[in-house]
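The block underneath contains the structure these notes are about, expressed in C-alpha cells.
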Amino acid sequence: MGSMAPATPEVKLLINGKFVDASDGGIFDLHSPYSGKLVGRIAEATAADVDSAVNAASKAFPAWSALSPAARGAPLAKLASLISDSKDTFAKLEAQSIGRATADFFDAHYASMQFGYFAQAAYATGHSSLNTPGFLNFSLRQPFGVVAAIIPWNAPLVFLSKKLGPALAAGNTVILKTSEKAPLSSDYVAKMLDQAGFPPGVVNVLHGHGQVSGEAICRHMRIRAVSFTGSVMTGRRIMRAAADTNFKRVILELGGKSPVVVFEDADLAAAAKETAFSILLNSGQTCMANSRVYVHDAVAAEFVKLFEEQIRSRKVGDPELSSTSFGTLADKGQWERVTSFVEKGRKELQQEGAVFLAAIPDVPEDSQLMKDEIFGPVVCINSFSDEAKVLAQCNDTEYGLYAAVYTKDLDRGMRVAKALESGMVGVNCTSPTGAWDLPFGGYKQSGVGREGFLDSLNDWLENKSVFMRVKGLESAAAASGPLGR
Ligand code: NAD
C-alpha cells in the first residue's frame, strides 16, 4: 500500500501563465528550520528560463500597458482581497520555510494594503509648460516595459507587494525572482494571479538562487529596471551587473545597523518594550531592527533590567503555534552566522554565557558587533553621557536605514532627529514603526531610492519630454497680452 503522507509540494516556475519545470529539470529541496522536514521541491530557474520569462513579459507588455489605469487596477484589487482572505495560509507557509512565528505575521495585511492602494493609484501624470515662446511643452510618464523584482526571505510577501503593486499599476510587465530560502508564499501568490484576472505573461515568477537566475536577470539586456531588497553585498553586485550591461534603473533597499538613543527623561518602560520588540521581531531578521541601543548613564541599569524582562517574556518554540512569540532563525546558515558573531563578541569582551537572545552591554565602538549587520536577535546596549558624542557614534556607520530617539524634551528630539544620518527616524517610537505615505529607504549604503505609497510609482516610470511647436504661441509677450509685458 502506498504512503498516506501528503506529497511534498512541487513548486514550479510561472512563465507566460503556465506552471513549468526549469528548462534543465533542476530542482532544490527546502526544509523547515524548525522540524527539519522537507517542505518543498523547488524548480531552479536557469538563464534560459529568464529568457523565456522576458519573452513572455515582452509579448504581454503592449496590451497591458495600453489598458486604462482603472482596468489595470481591477486585478490588483482582486489580488489584494485574495491575499487578505488567505492570511493564515501565508503565515503557515512562512513558518514552514523560515521558522517565522505565525503570531508575528502581519505580511498578508501589508501586501493587501499595497495592492489595494496601487489598484487605485496608477494615474501617473507629467507636467506641462508654456514657458518656451512658440511651444506647448509637456512631459509624459510611461512604463519601462519588462522590469524585475528580486526579493529576500525575511518578509517575502511584504517585498513582493511593495514592488509588484506599483510596477504593474504603472503598466510594466514583471519578472519576480523569489528567495531560495522562502519561495512558498510567492508561489501561493503566483497561483492566485489567474483568478485575479492578470493576463498570461504580465507577471512571471522564477525561483532559484542568485547564481544563476538572479545574476541572469540583472545582466539581461531587455529588462529595463530592477528593484531589489536584500543585502549590501548583493546590492553591490546588482548595481555592477546593471553598469556592465544596459544601465537598467536600479532601486536598492539594503541592510541596516540601526541605533536608538534613550535619554534620561525617556519613558523607560515604553523604550525598553519597543526596542526589545524591534530586535526580536522575526527572530531579529529585520533590516531596520534597532541593533545598537545607547542609554543615558543615569538610567542605563534600569533600562537593561526592563529590557531583559521583555526578552524573558518571549516564548520560544514551534513557529506554527499561536502561543509562540519567537520562532527560529531562517536556516542553519543563518544560525551559524549569528552565533559566530556572538561567540566572537563574547571572546572580545571576555564574557561567558548563553548565546541566542543576546543583549550585550558595553561593546567597544570598533567591535564587529557594533559595525556589521548581524541580522539576528543580537543587540548591543551601551551607555552615554554626552549628546554630541553619542550622535557621532550613531552616525559612525556605513548604514543609515532607521534610527530612533526617546526623550520627553521635543526640542531635543527634533535636534537629534535632524542630526541622525538615516533615511527614517523614530521620535519616541522605533522600528518597525513607519507610515504608508512616507518614503521608506536608507541613507549611505542602506540603499538607493525610496519606496512608499507616494514614491514607488516613480520608480517604475520613464520620463519623456515632448516639445510641440504651435503657431500663434511664438511670442510669449504677444500671447499673454498687454498685462503680460
Ligand atoms: P541576499 O542579498 O542574500 O538575497 C536577496 C535576494 O537576492 C535573493 O532572492 C537572492 O537569491 C538574490 N541574489 C543573490 N545573489 C544575487 C545576484 N548576484 N544577483 C541577483 N540576485 C541575487 O539577502 P537575504 O539574505 O535574502 O536578505 C537579508 C538582507 O536583506 C539583509 O541584509 C537585510 O537587511 C536586507 N533587507 C533589507 C530590507 C530593506 O527594506 N532595506 C528589507 C528586508 C531585508
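The values are calculated or read from the model by the stated rules, or taken from the named source; none is laboratory data. Model, not experiment: these values are computed from the prediction. Methodologically, a virtual Cβ is constructed for each residue, glycine included, from the backbone with ideal geometry; neighbour enumeration extends over all protein chains shown.
When each of Arg72, Arg41 is tested for being touching a residue at least 40 places away in the same chain (Cβ under 8 Å) and of a type in the set (D, E, K, R), the lone residue that passes is Arg72.
The set of residues from the stretch 365-403 being free of Cβ contacts under 8 Å to residues at least 24 places away in the same chain and hydroxyl-bearing (Ser, Thr, Tyr) comprises just one member, Ser367. Considering each residue of the stretch 211-247, count those that are within 6 Å of the ligand (Cβ to nearest atom) and surrounded by fewer than 19 Cβ atoms within 10 Å (Cβ to Cβ), and give that number. Number of matching residues: 3.
Applying the condition of being more than 16 Å from the ligand (Cβ to nearest atom) and within 11 Å of Val260 (Cβ to Cβ) to the stretch 383-403 and asking which residue is surrounded by the most Cβ atoms within 10 Å (Cβ to Cβ) yields Cys394. Picking from residues in the stretch 188-210 that are within 16 Å of the ligand (Cβ to nearest atom) and not in a loop (DSSP other than H, G, I, E, B), the one that is surrounded by the most Cβ atoms within 10 Å (Cβ to Cβ) is Asn204. Select from the stretch 373-405 the residues that are under 27 Å from the mean Cα position of the chain (by Cα) and over 30 Å from Thr328 (Cα atoms) and list them in ascending order. Within the stretch 373-405, Leu391, Gln393, Asn395, Asp396 qualify.
Tell me, please, whether a residue that is farther than 28 Å from Met288 by Cβ and either of a type outside the set (D, E, K, R) or free of Cβ contacts under 8 Å to residues at least 60 places away in the same chain (or both) can be found in the stretch 225-237. No, that holds for no residue. Looking at Leu168, Leu157, Leu176, Leu164, just one residue is in a strand (DSSP E or B) and out of contact with any Cys (no Cβ under 6 Å at 6 or more places or on another chain), and that residue is Leu176. Filtering Lys78, Lys18, Lys37, Lys92 for residues that are surrounded by fewer than 14 Cβ atoms within 10 Å (Cβ to Cβ), over 21 Å from Lys177 (Cβ atoms) and in the same structural domain as Leu157 (by TED's automatic domain parsing) leaves a single hit, Lys37.
Can you confirm whether the stretch 270-284 contains a residue that is of a type in the set (A, V, I, L, M, F, W, C) and within 14 Å of the ligand (Cβ to nearest atom)? Looking through the stretch 270-284, at least one residue is of a type in the set (A, V, I, L, M, F, W, C) and within 14 Å of the ligand (Cβ to nearest atom).
For Thr173, all conditions in the list (1) within 16 Å of the ligand (Cβ to nearest atom); (2) touching a Phe, Trp or Tyr at 6+ places or on another chain (Cβ under 7 Å); (3) among the β-branched types (Val, Ile, Thr); (4) over 19 Å from Ser81 (Cα atoms) hold save one; what is the number of the exception? (1) is the only condition that Thr173 fails. What is the residue count in the stretch 41-58 for residues that are among the aliphatic types (A, V, I, L, M) and touching a His at 6+ places or on another chain (Cβ under 8 Å)? Adding up the residues that qualify gives 5. Condition (residue is within 20 Å of Ala271 (Cβ to Cβ), touching a Pro at 6+ places or on another chain (Cβ under 6 Å) and either in the same structural domain as Lys163 (by TED's automatic domain parsing) or part of a helix (DSSP H, G or I) (or both)) applied to the stretch 388-403: is it met by at least one residue? The answer is yes; a qualifying residue exists.
Scanning the stretch 267-324 for residues that are outside any helix (DSSP H, G or I), of a type in the set (Lys, Arg) and closer than 30 Å to Ala388 by Cβ yields a single hit, Arg292. Taking the condition under 30 Å from Tyr34 (Cα atoms) and surrounded by 18 or more Cβ atoms within 10 Å (Cβ to Cβ), does Val250 pass? Here the answer is no, as Val250 does not meet what is asked.
Is the stretch 132-147 home to any residue that is under 15 Å from the mean Cα position of the chain (by Cα) and within 16 Å of the ligand (Cβ to nearest atom)?
From the stretch 132-147, those under 15 Å from the mean Cα position of the chain (by Cα) are none; that's our starting set.
No, the stretch 132-147 has no match at all.
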